[in-house]
Amino acid sequence: MARDLAPEVERLLQFRDPNIQKKATLCSIRIVKKVPNLAENLVNPVVSLLKEKHHGVLLIAIQLCTNLCNLNEEALEIFRKECTEVLVKVLKDVVNNPYAPEYDVSGIADPFLHIRLLRLLRVLGHGDADANDSMNHILA
């Protein structure tokens, strides 16, 4: 069933509505857990999802990206090349962002996004000096 639904879910990842993107990304996470060899089909859509501004979409896309990196070495290399700078910029924006009440938890802007970003950056930076160098400025 996962193999049959994968092309439709892939198409929905490119949809403009954030709610549909979130649901499609959650479906992608489940599909990849059930059928890991479908992971390579989701790499390009996830790269575009990581550039989204909506925090909900970004949060789930980061989780999917982390899962793909843990499953597929090729996906890890692609995300290192194409997404490390983008993710560092997102983390910098979230840390330095002016007060946004919809994402605020006890004075911290979207701590759940912080945690997911740091976990993904840890995976991307493991064993890669270039990725570590690009992360040093925001983490120091």
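Each reported figure results from applying straightforward, stated rules to the coordinates on display, with no laboratory input. Keep in mind that what you see is a predicted model, and the values were worked out from it rather than measured. Every residue, glycine as well, gets a Cβ built from its backbone with ideal geometry; the counts of neighbours run over all protein chains shown.
A compact table of results
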item: Karplus-derived 3J(HN,Hα), 6.51/-1.76/1.60, for each residue of region 13-22, Hz, glycine and proline x; result: 5, 8, 5, 7, 6, x, 5, 5, 4, 4
item: 3J(HN,Hα) from dihedral phi, region 39-56, Karplus parametrisation 6.51/-1.76/1.60, rounded to Hz, x for glycine, proline; result: 4, 5, 6, 9, 4, 5, x, 5, 4, 6, 5, 5, 9, 6, 8, 5, 5, x
item: Over region 9-65 - Rg/Rh using Cα atoms and the Kirkwood inverse-distance radius; result: 0.92
item: Nonlocal Lys pairs with alpha-carbon distance under 18 Å, the chain (8 or more apart, or different chains); result: 13
item: Farthest positive-ward along the chain dipole, Cα basis, beta-carbon charges - from 65, 126, 19; result: 19
item: Label-point separation in nm, residue 133 to residue 48, each point 7 Å along Cα→Cβ; result: 3.1
item: Taking 106, 134, 48 and counting other C-beta atoms within 10 Å, the order from fewest to most; result: 106, 48, 134
item: Length added when fully stretched, residue 33-residue 1, from 0.36 nm per residue minus Cα-Cα; result: 10.2 nm
